Amino acid sequence: MFDSMRKRVDDTVNTNDIETIIGRNTCITGQISGGSNIRVDGRVDGGIDISGNAVIGETGIINGDIKAASLIVSGTVTGNANVEGNLSIYATGQLVGDISVRSFNIADGGVFKGRSDMEIKTVGFTPTETE
């Protein structure tokens, strides 16, 4: 069972490092917080605040805000996302809410409805002081 799940997860998240899995038939009400990676295939009515990576599987449903190092959405997220690194919404994924990310990818068929805020890159630009 877990081997097939590991094969579906994006290469950016090492599945051997996923410490917490919320199963397909599990519903949690309340805030989830922690320091490791999480995969949600069930339902969470509340937020997720982790310092690791979050994967929302195709059957995963999140009703609440998410804060994570990176976020992969193949299921449904209704809430804001604050992601330090990359946010990827796959073809089966849907995110309704505002996002703050470093980089953002959305596959053909994926849904995003909200506002996005991304870091501005200033590569090669150094402001000069006026005298």
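The values are calculated or read from the model by the stated rules, or taken from the named source; none is laboratory data. None of the values given here were measured: they were computed from a predicted structure. Here the Cβ is made from the backbone with ideal geometry for all residues, glycine too, and neighbour counts use every protein chain on show.
Just one of GLY57, GLY35 is small (Gly, Ala, Ser), within 18 Å of ASP17 (Cα to Cα) and touching a residue at least 40 places away in the same chain (Cβ under 8 Å); which is it?
Criteria check complete, one pass: GLY57.
Kindly indicate which of ILE48, ILE99 is under 20 Å from ILE18 (Cβ atoms) and either modelled with pLDDT of 95 or more or in contact with a helix residue (DSSP H, G or I) (Cβ under 7 Å, 6 or more places away or on another chain) (or both).
Matching residue, one of ILE48, ILE99: ILE48.
Is there a residue in segment 76-83 that is more than 18 Å from ILE38 (Cβ to Cβ) and without any contact (Cβ under 8 Å) to a residue 40 or more places away in the chain?
No: zero hits.
Only one of ASP41, ASP49, ASP65 is charged (D, E, K, R) and either in contact with a Cys (Cβ under 9 Å, 6 or more places away or on another chain) or surrounded by fewer than 17 Cβ atoms within 10 Å (Cβ to Cβ) (or both). Can you tell me which?
The conditions single out ASP49.
Against the condition over 22 Å from ILE18 (Cα atoms), among the small types (Gly, Ala, Ser), surrounded by fewer than 18 Cβ atoms within 10 Å (Cβ to Cβ) and touching a residue at least 24 places away in the same chain (Cβ under 8 Å), how does GLY109 come out, does it pass?
Against the criterion (over 22 Å from ILE18 (Cα atoms), among the small types (Gly, Ala, Ser), surrounded by fewer than 18 Cβ atoms within 10 Å (Cβ to Cβ) and touching a residue at least 24 places away in the same chain (Cβ under 8 Å)), GLY109 does not qualify.
Read through the list (1) among the aromatic types (Phe, Trp, Tyr); (2) modelled with pLDDT under 95; (3) part of a strand (DSSP E or B), then give the number of the only condition that PHE112 fails.
(2)
If I go through segment 52-87 residue by residue, how many of them are more than 17 Å from ASP41 (Cβ to Cβ) and part of a strand (DSSP E or B)?
7
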